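Accompanying notes for the structure given below.
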Amino acid sequence: NNTDPFNLSLCNKNLEPAYNHRLSLNYTTFDPATFVNLFAFITATYTSNAIANAQSINQETFVRVTRPVNVDNNKSINGNLHFGFPVKKLNSRFNVGPTVSYSESLSILQGRENSIRKQTVGGTARYNYSLKEILTVDLSANLSHQQTLYDFNSPDQVYFNKTYTAEMNLNCFKKYQL
């Protein structure tokens, strides 16, 4: 779609398909006697012939031209761990777990390859309270620190994300839920 004369898109007849190579390891355990659970996973991905948009800007006309191209060295790794356990005296359950991810990719700007590195470190904490089958209250917090580093003349990006949630369910008269 080249309806915007300042942003043109070109095709690439020589574009090759991208192939993802993925390795995943998972571990899950649950003890029905104690209601303790552990879940862990790690995933690594390498993409050969990854497709990226090469961009160039004509310095005289300020027209941006975008064209898909194949690049190498796109890779990522993600890890997650969750541990949950009950606290019977409080009719409650706690779940905690860290997460981590790292990725590297390439972009092309003005004909020059640029490396982009992203990393995220964070975690989740969740509290669940149950009063028989009448009331449940869920509280959770998800915190993460994200950082994106660029090789080219662009400021790096750093974010701290915080997400808090609260939910309550009240069951009445066996058929209704608030």
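The values are calculated or read from the model by the stated rules, or taken from the named source; none is laboratory data. Model, not experiment: these values are computed from the prediction. Cβ sites come from the backbone with ideal geometry, for glycine too, and all protein chains shown count toward neighbours. The accessibility values were calculated without ligands, DNA or RNA, using every heavy atom of the protein model including side chains. Shrake-Rupley method; radii C 1.70, N 1.55, O 1.52, S 1.80 Å.
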* Which listed pairs, of Lys118/Lys162; Lys89/Lys132; Lys88/Lys162, have C-alpha distances above 20 Å, in listed order -> Lys88/Lys162
* To do: Report Asp151's accessible area, 1.4 Å probe, all protein chains in place, as a number in Å² to the nearest 10.
  => 80 Å²
* **Centre separation in Å (Cα based) which lies between the range 50-100 and the range 29-49** => 18 Å
* Structure fact -> the range 43-172 accessible area per residue, 1.4 Å probe, protein heavy atoms, integer Å², reads 63 Å²
* Relative contact order (%) - the chain, alpha-carbon pairs under 8 angstrom, separation at least six -> 15 percent
* To do: Choose one of Val121, Asn142, Phe35: the residue whose Cα lies farthest towards the positive end of the charge dipole of the chain (beta-carbon charges +1 Lys, Arg; -1 Asp, Glu; about the Cα centre).
  => Phe35
